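Undergrad: First the structure, which I've put down as structure tokens, then a few questions once you've had a look.
Laboratory data are not the source of any read-out in this text; all were calculated from the coordinates shown. It should be emphasised that the depicted structure is a prediction, and the values quoted were computed from it without experimental measurement. Here Cβ is always computed from backbone atoms with ideal geometry, including for glycine, and neighbour counts include all displayed protein chains.
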Amino acid sequence: QVQLVESGGGLVQPGGSLRLSCAASGSIFSIDAMGWYRQAPGKQRELVAGITSGGITNYADSVNGRFTIFRENAKNTLYLKMNSLKPAETALYYCNAVTRDAIYWGQGTQVTVSS
């Protein structure tokens with residue numbers, strides 16, 4: 001079992017920045033990859049960025065160059081640094097962890113981009 005707790009969301013003006021955190025606990029040694037997803041009201045959940053256990057990253061085209069996913073292994077924490085945020089990126093942001101046997105999700109953290 002893997003437990004994930006996100007934090008760092010909030011209200012930010014268009015063009016602003018936020019850093020999301022995802023603290024992992026439990027069987028973290030079994031994690032093969034982690035990622036950030038988001039879901040806006042009335043829309044499907046979509047992948048924002050992912051990182052493998054080997055450090056390979058991938059990004060949605062819409063965020064490439066503005067968002068950075070990285071992890072701090074000593075703290076068992078995954079981060080998402082988001083720059084130049086847009087109102088359309090208002091959503092509930094989720095962290096996930098993929099193991100051989102299961103996919104785990106956090107409870108989400110709300111990001112609202114508005115003036």
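Undergrad: Would you give the gap between the C-alpha center of region 1-53 and the C-alpha center of region 57-93, rounded to a whole Å?
TA: Distance between centres, Cα-based: 8 Å.
Undergrad: So, one more: Compute the distribution of all C-alpha to C-alpha distances in the chain, in bins of 5 Å from 0, and list the percent of pairs in each, rounded to whole numbers.
TA: Pair shares across the bins are 2, 12, 25, 26, 19, 10, 5, 1, 0.
Undergrad: A follow-up question, please. So if I average 1/r over every pair of distinct C-alpha atoms in region 1-63 and take the inverse, what Kirkwood radius in Å does that give?
TA: Answer for region 1-63: a Kirkwood hydrodynamic radius of 13.6 Å.
Undergrad: Moving on to the next point. Label 7 Å along Cα→Cβ of residue 39; region 79-115 residues with amide nitrogen under 16 Å?
TA: Within reach of a label on residue 39, which here means backbone N under 16 Å from a point 7 Å along Cα→Cβ, region 79-115 contributes 90-97, 103-111.
Undergrad: Considering the chain as a Gaussian network with a 10 Å cut-off on Cα pairs, which listed residue, 49, 23, 60, attains the greatest mean-square fluctuation?
TA: So, out of 49, 23, 60, the one fluctuating most is 60.
Undergrad: Give the longest segment of the chain that steers clear of trypsin sites (Lys or Arg not before Pro) in DSSP loops with at most 10 neighbouring Cβ atoms within 10 Å, not counting the sites themselves.
TA: 44-99
Undergrad: Right, something else. I'd like the Karplus ³J(HN,Hα) series for region 30-45: coefficients 6.51, -1.76, 1.60, θ = phi - 60°, whole numbers in Hz, and an x wherever there's a Gly or Pro.
TA: Working through the residues one at a time gives 8, 6, 8, 7, 9, x, 10, 10, 9, 9, 8, x, x, 10, 6, 5 Hz.
Undergrad: Which residue fluctuates most in the GNM of the chain (Cα springs below 10 Å): 42, 65, 16?
TA: 42
Undergrad: R0 = 30 Å: FRET efficiency of residue 61 with residue 115, Cβ-based, nearest 0.05?
TA: Rounded to the nearest 0.05, the efficiency is 0.75.
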